[in-house]
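Working notes, beginning with the structure itself.
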Amino acid sequence: MADITLDADKVEELKAVCVKFNHDGGELINVLHAAQIIFGYLPAEVQVIVAEGLNVSIAHVYGVVTFYSFFTMTPKGEHPISICMGTACYVRGAEKVLDEFNKLLGTKTGETTPDGKFSVSSLRCVGACGLAPVVTVGEKVYGRVAAADVKGILAEYGA
Amino acid sequence: METVQLTIDNKKVEVAKGTTILEAAKTIGVDIPTLCHMKLEDTNFENNPGGCRVCVVEVAGRRNLAPACKSECTPNMEVNTHSVRVVNARRTVMELILSDHPSDCLVCAKAGNCDLQDMAQTLGIRQIPFQGEKNEYKSDESPAIIREMEKCIMCRRCETACNKVQTVGVLSAINRGFESVVAPAFEMDLDHSNCTFCGQCVAVCPTGALTERDHSREVLDAIVDPTKTVIVNTAPAVRAALGEEFGMEAGTRVTGKMVSALRKIGFDYVFDTDFAADLTIMEEGTELLGRLSKHLAGDKDVKLPILTSCCPGWVNFFEYNFPDMLDVPSTAKSPQQMFGAIAKSYFAEKLGKKREDLVVVSVMPCLAKKYECSRDEFKTDGNPEVDLSISTRELAQMIKNYNINFNQLEDEDFDQPLGESTGASVIFGTTGGVIEAAVRTAYEVHTKKECPSVDFKELRGMEGIRSATIDFDGLPINIGIAHGLGNARKLLEDVRAGKSNFHAIEIMACPGGCIGGGGQPYHHGKVETLKARQKAIYSEDESKTLRKSHENPFVQKLYEEFLGEPCGHKSHELLHTHYYDKKNVDKK
Ligand code: SF4
Ligand code: SF4
Ligand code: SF4
Ligand code: FES
């Protein structure tokens, strides 16, 4: 499991969270939530710390992480791309836009490119239906995106 | 006791408050079909997720069918367990389960013993109308257990066994909905996890999702190889259960028939692991007395209690969970490994053969033994002490392959010298047996007097944790016993905390001890089966003329001719081992 080294300060922060929750296994979801905020994602190494901190099995932690789609085990890319798949965006072709991103980046939804630059995810309605289909890259919002625009958007970030 | 009256299938029933419909129906002889539910009475195994819905019944006045395993009886309830609606619902449930299940029955290791297959037959399912997407998972082959999760029906019995009963915590349901499955963390292989290979998940899995790694083909290959001398040895618990595979009542002793079948299969020597169990007692008993006398002489460094070490599932468990206490268990190897070590040294010399020319096969009630014999420290120049370890079930399968009419076989005796055993070694097969055997010998060695009685009944039973004090002629010896790893954990935590006043503790990983091992014929949730096997073990002990390990004449001869004395130099080399800290081994 020695694939990645975790930032020591963040590890301490997570351990403090376990203490705050009294090492109570019943608080697993809350602790994982906090862990994901600290690290941005939940790699195996983080799950091991949580398991030890709450005195539950690693298998159980992994079971919970894989059960809730909110939790993720892949780090977000430097430029996280999100495509809204709410009804309005969907009927206006958001799926084609999503497919185009995945095609150009060689990813599947939920994945990050091997160089760590981009990650692709789909979102529930972001409430900007007037702009459908909506794409966000980091903080920046793109409206009325068509598949043909994807290449240009990626180019802005050096792809 | 507060009771509830109700009717089930028009029969009046009165049961204690809190009883489920399933249990209430049983009291009037109505067996409602179940799939996910499993309860082993008198143990802490109870799996009741209410997930499969095969057990539905109709309750008058309720719109929805009720799962009998989850629904408590209420006053004046009218239950119908086999209305048309119920029968149709059960069929639909089964058809849905089967729509995501491979139709592999013809070649499945579990066929004939599979609860799912049985249920499909009971309900007369002849086609699967729902053709859905089928899940695919990578298969996982550890040295002991094979996981084929396409065959998993998410009953979660394995989770209950691993997490609740054994407290190993290797398995968990992961993902959600259609993709959900039971797996170790990060979907790593069992071999890389903290799995102890106790096999209790296999023992309760209703389908072919979890099975043992089958080595019987390799055994046959060795038998037909003219350059190999193939030696088999059989563990005590096997003889108390093998008959079940041939339709005999649980608890039928089949020692003689088993020996006869093994000869027919073509093993060159049919020996008994019990011989090595007697040897284990000589070593472990001597070690116990050694530590005890140092302790009595005031030596503060000596570790007590001494823990038995003949169960490899238990050894794995403490290597993972109690690495700070590796010097507490006895260093004596398990009988399986002692047998192999002696067969490939002493006996090989007698035959004038090299160890490479011998193939040692053991027949075990256990899956952890498959892993144990593959451990590196049990090899000499790469050659293992025990080459292949097969389960009771695999032996039954081999006997069937050979078209041997097991029930008609004449009784035969084991070969000598490694086939001689005492009653003490036979009881190794049940919880409490190893320590009773050790006490029979340690008592006489320590007091230099004969035991007043060989039957130490205070050490027997089925409770998960037991204790007794045995009077060694004025010296009280406190004995602890645990079976099931969850119970073992409790005793061990006391030892770690310095709260334990035991001198010796016997631990077996499997509920009931080896009679309930992961390689035994499936008990299908019947605890009576385990109890019947336990009785068979004690009656075999009683039937023996020699009942104390140190009286085994061939063991005595082995010490005279070859080993010297118990715990002596040669014994240490061949019959003792050491343990490893596995807590921090790389897991991925
Ligand atoms: S698990 Fe049971 S139903 Fe499934 S293929 Fe094997 S025998 Fe058949
Ligand atoms: S063999 Fe024992 S420890 Fe391993 S997964 Fe099964 S129940 Fe758990
Ligand atoms: S592996 Fe077997 S015991 Fe475990 S959930 Fe699946 S079917 Fe049930
Ligand atoms: S046996 Fe009742 S829901 Fe499975």
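The values are calculated or read from the model by the stated rules, or taken from the named source; none is laboratory data. What you see is a predicted model; the values in this text were computed from it and never measured. Reconstructed Cβ throughout: ideal geometry from the backbone, glycine too, with neighbour counts over all protein chains shown. Accessible surface areas use protein heavy atoms only, side chains included; no ligands, DNA or RNA. Shrake-Rupley method; radii C 1.70, N 1.55, O 1.52, S 1.80 Å.
Numbers at a glance
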item	result
The listed residue being more than 16 Å from ligand 4 (Cβ to nearest atom) and in contact with a Pro (Cβ under 8 Å, 6 or more places away or on another chain), out of B:Glu287, B:Glu212, B:Glu245	B:Glu245
Residue that is nearest to B:Gln117 (Cα to Cα), among those in the stretch B:139-165 that are within 11 Å of ligand 2 (Cβ to nearest atom) and among the hydrophobic types (A, V, I, L, M, F, W, C)	B:Cys158
Filter result (open to solvent by 10 Å² or more (accessible area, probe 1.4 Å) and either in a loop (DSSP other than H, G, I, E, B) or in contact (Cβ under 8 Å) with a residue 40 or more places away in the chain (or both)) within the stretch B:23-36	B:Ile28, B:Gly29, B:Val30, B:Asp31, B:Ile32, B:Pro33, B:Thr34
Segments classed as helices (runs of 4 or more DSSP H), wholly inside the stretch B:388-469, with at least 1 members that are farther than 21 Å from B:Pro236 by Cβ	B:392-401, B:433-447
Residue check for B:Leu485: under 21 Å from B:Thr160 (Cβ atoms) and of a type in the set (A, V, I, L, M)	yes
Check on B:Asp221, within 14 Å of another protein chain (Cβ to nearest Cβ) and surrounded by fewer than 18 Cβ atoms within 10 Å (Cβ to Cβ)	no
Count - residues of the stretch A:20-38 that are part of a helix (DSSP H, G or I) and open to solvent by 90 Å² or more (accessible area, probe 1.4 Å)	2
Some residue of the stretch B:148-170 being open to solvent by less than 40 Å² (accessible area, probe 1.4 Å), more than 23 Å from the chain's Cα centre (by Cα) and away from ligand 4 (no atom under 16 Å from the Cβ)	no
Residue match in the stretch B:2-10 (condition: part of a loop (DSSP other than H, G, I, E, B) and in contact (Cβ under 8 Å) with a residue 40 or more places away in the chain)	yes
Number of the exception - B:Arg393 against (1) closer than 23 Å to B:Lys570 by Cα; (2) within 16 Å of ligand 1 (Cβ to nearest atom)	(1)
Selection count where residues are open to solvent by 20 Å² or more (accessible area, probe 1.4 Å) and away from ligand 1 (no atom under 16 Å from the Cβ), scope the stretch B:84-108	6
Residue check for B:Ala185: within 16 Å of ligand 1 (Cβ to nearest atom) and either open to solvent by less than 50 Å² (accessible area, probe 1.4 Å) or within 22 Å of A:Phe71 (Cβ to Cβ) (or both)	no
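Residues checked against (1) surrounded by fewer than 24 Cβ atoms within 10 Å (Cβ to Cβ); (2) closer than 30 Å to B:Ala341 by Cα; (3) outside the structural domain of B:Thr529 (by TED's automatic domain parsing); (4) within 18 Å of the chain's Cα centre (by Cα):
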| residue | (1), (2), (3), (4) |
| --- | --- |
| B:Glu420 | yes, yes, no, no |
| B:His446 | yes, yes, no, no |
| B:Cys451 | yes, no, no, no |
| B:Glu463 | yes, no, no, yes |
| B:Thr469 | yes, no, no, no |
| B:Pro476 | yes, no, no, no |
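Table: residues versus (1) open to solvent by less than 10 Å² (accessible area, probe 1.4 Å); (2) part of a loop (DSSP other than H, G, I, E, B); (3) in contact (Cβ under 8 Å) with a residue 40 or more places away in the chain; (4) more than 10 Å from chain B (Cβ to nearest Cβ).
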position	(1), (2), (3), (4)
A:Gly53	no, no, no, yes
A:Val56	no, yes, no, no
A:Ala59	yes, no, no, no
A:Thr66	no, no, no, no
A:Phe71	no, yes, no, yes
A:Pro75	no, yes, yes, yes
A:Ser82	no, no, yes, yes
A:Cys89	yes, no, yes, yes
